[in-house]
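Values quoted throughout were computed directly from the atomic coordinates according to the rules given, and no laboratory measurement underlies them. Not measured: the values here are computed from a predicted model. Neighbour counts are summed over all protein chains in view; Cβ atoms, including those assigned to glycine, are modelled from backbone coordinates with ideal geometry.
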Amino acid sequence: MLKYILPLILFIVLSVFLALGLNLHPSEIPSPLINKAVPAFSAPKLQSPEEKLSPTDLKGKVWLFNVWASWCTSCRSEHPILNQLARQQAAIIVGLNYKDEPEAALGWLANLGNPYDVSIMDQDGRIGIDWGVYGVPETFVIDKQGIIRYKHTGPVTPEDVQQIFLPLIAKLQAEN
Amino acid sequence: MKPLSIIGNGSVRCFISSCILAVVFLLILSGKTFAGVEFREFADPEQQEAYENLTKELRCLVCQNQTIADSNAELAADLRRQVYEMLQQGKSKQDIVQFMTDRYGDFVLYNPPFNLKTGLLWIGPVVFLLIGLIAVFLFARRKKAESNRHSHAEQGHENAEKLAKVRSLLEKGDPS
């Protein structure tokens, strides 16, 4: 009896492992920054480079930190979804214009709309390194205490907005 | 007249064109690697060695099967710059590794530390080897026991046959 059941059990175990493997996303690296304070920065604003923004300016507010660039093709597919999210005014959206030319970035916002309350420039990618950015676009959710609560790698989809971002933002807005 | 026609021979022409193609390919490839060369000045050979070792131990997060020393990705270049600058500032190897894992997690290390998350990675092969050895041992022992039982049974069978023959001979009586 065991002679017949054993191969079946092995087959099932193997299938389970292969099925799990199919659903893994090895290119998505879990961020060690979750539940940590936001990395400090003081960066010039894209629209007014003489002004600077630092995370302390956003204390007490729930905000999204979206890493984008005009050279990033998947940012283009994400852009209308961010525009829509911005219209709902659920949270402040801060853009990190990553390794981009200011003119190209401003042109992009003029053409496709500007979902960002403010965008800051990171031309040499140093802020990106501090935030563990490895693939653009990336989106972080930061709570009122300045703690990173969630990180999304890759373009945000409408499903992500409905199922993850909006509920999380609502929860964080309710916190003190 | 005849030798000239060899040039027109299909296989030779094919050989020549593939040679040209190979040379063109090599030129393109070498151009790529030259583009990746960066010139760094080091205070002393130890620092250079530390730089070379570190860039070979850190994973490029974009092309995940390459080290930042091997990769031409922009992020790899930024991380090489980061390593170089930190060494210039007199930071130790441990400081730099800590800096990278704080931002990108253990995944950035090609030689991950032993902890709860990486435990399976380190112990897994040993466990599988042990399971294999135990299985082979059990299988071999069962095989041996089986073959022993078989030969005993055969011997018994042979003896019974001989006994029957002797009996029949005795019953018939000796004809001589």
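Per-residue Cβ neighbour counts within 10 Å put B:CYS60, A:CYS72 in the sequence A:CYS72, B:CYS60, beginning with the fewest. For the segment A:125-135, counting C-beta atoms of other chains within 10 Å of every residue's C-beta and taking the mean gives 5. Membrane-span-like helices in chain A: DSSP H runs reaching 18 Å or more (Cα, own axis), mean Kyte hydropathy at least 0.5? Qualifying helices, which must be both long enough and hydrophobic enough, are A:2-22.
Note on A:GLN123 and B:TRP122: with the Förster distance fixed at 51 Å, the Cβ-Cβ geometry gives a FRET efficiency of about 0.80. Mean per-residue shielding of peptide B:56-62 is 2, counting Cβ atoms of other chains within 10 Å of each Cβ.
Ranked for footprinting exposure by Cβ neighbours inside 10 Å, fewest first, A:ILE93, B:ILE134 give B:ILE134, A:ILE93.
When you count, for each residue, the other Cβ atoms within 10 Å and take the mean per peptide, how do A:166-174, B:121-129, A:117-125 rank with the highest first?
Values: A:166-174: 14.6, B:121-129: 10.4, A:117-125: 19.1.
The most tightly packed comes first, giving A:117-125, A:166-174, B:121-129.
Taking a straight line from the alpha carbon of B:LYS162, these lysines sit under 17 Å away, with near neighbours fewer than eight places off in the same chain left out: B:LYS172. From the cross-link list A:LYS61/B:LYS117; A:LYS99/B:LYS117; B:LYS56/B:LYS93, which pairs have alpha carbons spaced over 24 Å apart? From A:LYS61/B:LYS117; A:LYS99/B:LYS117; B:LYS56/B:LYS93, over 24 Å: A:LYS61/B:LYS117; A:LYS99/B:LYS117. If I model the range B:42-113 as equal point scatterers sitting on the Cα atoms and use the Debye formula, what is log10 I(q)/I(0) at q = 0.14, 0.18 Å⁻¹? At q = 0.14, 0.18 Å⁻¹ the computed log10 ratios are -0.37, -0.61.
With a cut-off of 13 Å between beta carbons, the residues surrounding A:LYS36 carry a summed charge of 0, where Lys and Arg count +1 and Asp and Glu -1. Note on A:LYS59 and B:LEU163: their simple-model spin labels are 10.0 nm apart, each label 7 Å out from Cα toward Cβ.
Selection among A:SER27, A:ALA37, B:VAL126 by position relative to the dipole of the protein assembly as shown gives B:VAL126 as farthest towards the positive end (Cβ unit charges, Cα centre).
According to the Cα gyration tensor, what semi-axes, each the square root of 5 times an eigenvalue, does the equivalent ellipsoid of chain A have, listed from largest to smallest in whole Å? It would help to have the intermediate numbers written out before the result.
Working: eigenvalues 280, 69, 50 Å².
For chain A, the semi-axes come out at 37, 19, 16 Å.
A helix-only calculation puts the protein assembly as shown at -18000 deg cm²/dmol for mean residue ellipticity at 222 nm, using -39500 (n - 2.57) for each DSSP H run of at least four residues, averaged over all residues. With just the Cα atoms defining each centre, how far is the range A:36-67 from the range A:98-152? Give it in Å. The distance from the Cα centre of the range A:36-67 to that of the range A:98-152 comes to 10 Å. Short to long, the 10 Å bins of the Cα pair-distance histogram for the protein assembly as shown hold 4, 16, 20, 17, 13, 9, 7, 5, 3, 3, 2, 1, 0, 0 percent of all pairs.
Determine, for each peptide in A:126-139, B:140-153, the mean count of other beta carbons within 10 angstrom over its residues, then list the peptides with the highest first. All intermediate terms of the calculation are to be shown ahead of the outcome.
Numbers: A:126-139: 22.0, B:140-153: 10.0.
Packing proxy ranking, top to bottom: A:126-139, B:140-153.
From other protein chains only, count the Cβ atoms within 10 Å of every residue's Cβ in B:77-85, then give the mean. Please list the in-between numbers first.
Values: counts 1, 7, 3, 0, 4, 4, 0, 0, 1.
Partner-chain Cβ atoms within 10 Å, mean over residues of B:77-85: 2.
Each peptide in A:76-84, B:79-87 receives the mean, over its residues, of other Cβ atoms within 10 Å, and ordering these scores from highest gives B:79-87, A:76-84. Cβ-Cβ distance of B:GLU49 and A:THR73, R₀ of 35 Å, FRET efficiency by 1/(1 + (r/R0)^6): the value works out to about 0.35. Each label was represented as a point 7 Å from its Cα along the Cα-to-Cβ direction; for B:GLU38 and B:GLU154 these points are 7.3 nm apart.
If you take all other residues with their beta carbon under 13 Å from the beta carbon of A:ILE93, and give Lys and Arg +1 and Asp and Glu -1, the sum is 0.
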